[in-house]
1. Using per-residue counts of other Cβ atoms within 10 Å, averaged over each peptide, order 215-222, 146-153, 260-267, 318-325 from highest down.
2. Which whole-Hz ³J(HN,Hα) couplings does the range 191-208 yield from phi under the Karplus relation 6.51 cos²θ - 1.76 cosθ + 1.60, θ = phi - 60°, glycine and proline marked x?
3. Once amide H atoms are placed 1.01 Å from N in the peptide plane, what residues at a sequence separation of 5 or more from Ser336, or on another chain, have their amide H within under 5 Å of its amide H?
4. Taking θ as phi - 60°, what are the ³J(HN,Hα) couplings along the range 79-89 by the Karplus curve (6.51, -1.76, 1.60), each to the nearest whole Hz, with x for Gly and Pro?
5. Taking 7 Å along the Cα-to-C-beta vector as the label spot, tell me the Arg16-Thr342 distance in nanometres, rounded to one decimal.
6. Please list, by residue number, everything in the range 311-340 whose backbone N is under 20 Å from a paramagnetic label point 7 Å out along Cα→Cβ of Glu289.
7. Give me a comma-separated list of calculated 3J(HN,Hα) values for the range 279-296, in order, Karplus coefficients 6.51, -1.76, 1.60 applied at θ = phi - 60°, integers in Hz, x for any Gly or Pro.
8. Quick query: amide H of Glu245 versus all other amide H atoms, modeled in the peptide plane; which residues come in under 5 Å with a sequence gap of 5 or more or a different chain?
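Taken together, the values in this text are just the output of simple stated rules run on the coordinates, not laboratory data. Every value quoted in this text rests on a predicted model; they were computed, and no experiment measured them. Note that we place each Cβ from the backbone using ideal geometry, even for glycine, and neighbour counts take in every protein chain shown.
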Amino acid sequence: MNKEPILRFLVDRPYRIYRRVAFVLILLVLLKGGNEEHRYADDTFVYLKLGGLLVMVGLTALNLYILIPRFLFKGKYGRYFLWVGGGIVLSFLVFVQVRAWLPSLRLPGNPGKPMDNTADFLAYVVLLCVLCAATAGMKLFQRWVTDSYRLTQLENIRIHTELDLLKSNVSPHFLFNMLNGSEVLIHTEPDKASQMLIKLSDLLRYQLYDSAREQVLLSADIRFLHDFLSLEKIRRDFFEFSIEETGTHMPQMVPPLLFIPFVENAVKHNIQSEAGAYVRLGFVLTGTELVFTCINPKGPLPTHEPGGLGLPNVRRRLELLFPAMHSLIIHNSPDSYTVNLTLKL
């Protein structure tokens, strides 16, 4: 990720420890201000400032690691501001209690001024509000930079995905075979030829138009796979396929053309085993996840790594679309090839 040095310092994970050190140093500078040094013994004054530092660091940690991820990032703004306000009031009460205990430790002749008036309260609240706002702003800025980079990467990979799929799956040779087969069937089985042309039309329409969207219905993507395998079945004499669906009646949105690389690879693996060639697909959709399964037999000759997009690019696309929310397991046994893909929704 190409960024300016300042941006790298503010966003990148390797600089996290340096950001924390800088933050603590800034707090120390802020706490150094004031005219209370002459009111307490040296060690008491240090304890007072250290206590203030711990309160501010604790509130900041609560804001950064609990309140912002759990409430602010999830759009629960009312709860977020309620918790922040409660944290500020609680920390203020703790600080007041400490200040109430310190008069016995003040130096003679310097009774000091207790922290019990409106000006002190407002100054303390403003300081903590600025602190919470600054940390929240930094966290939002980091997320914006990360999301912008991810969206750029997704757009680039989407374009390359569409071009590669159109080149590999809708090649002139593929179209020639389909159209030539339909011409033969027109004279012998006109109904079958008509069905073949309709499926080919639907397949091309989906790849050229529907796949341009960021999200499509899962049912539409499954229908595309059905049309693709149906055309393959018409083209080949010894080829069978099945698609088992559970829960797919629910209107779930998914990225387009997400499963075709695995299905395309399954069809290619069947080339060397024409007798009894098959592809078995499975979709299980629940409220929280989608499980996709693709099984095909392997031919007697060694097979290559998934074609078309290639397995590394498929993994990369999954990482961008479902960061830390997917599991891809591939079983390569002597007689079959099984893909299990689980997506957290």
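1. Answer by packing, highest mean first, reads 260-267, 215-222, 318-325, 146-153.
2. Going residue by residue, I get 5, 5, 5, 5, 4, 5, 5, 5, 5, 5, 5, 5, 5, 5, 4, 5, 5, 7 Hz, with x marking Gly and Pro.
3. Counting only residues 5 or more places away or on other chains, the set is Lys298.
4. Values per residue, Gly and Pro as x: 5, 4, 5, 5, 5, 4, x, x, x, 5, 5 Hz.
5. Using points 7 Å along Cα→Cβ, the separation is 2.5 nm.
6. In the range 311-340, the label zone of Glu289 (backbone N under 20 Å from the point 7 Å along Cα→Cβ) covers 315-332, 338-340.
7. Once θ is set to phi - 60°, the couplings for the range 279-296 become 9, 10, 10, x, 10, 10, 10, 10, x, 10, 8, 10, 10, 10, 10, 9, 10, 8 Hz.
8. Phe283
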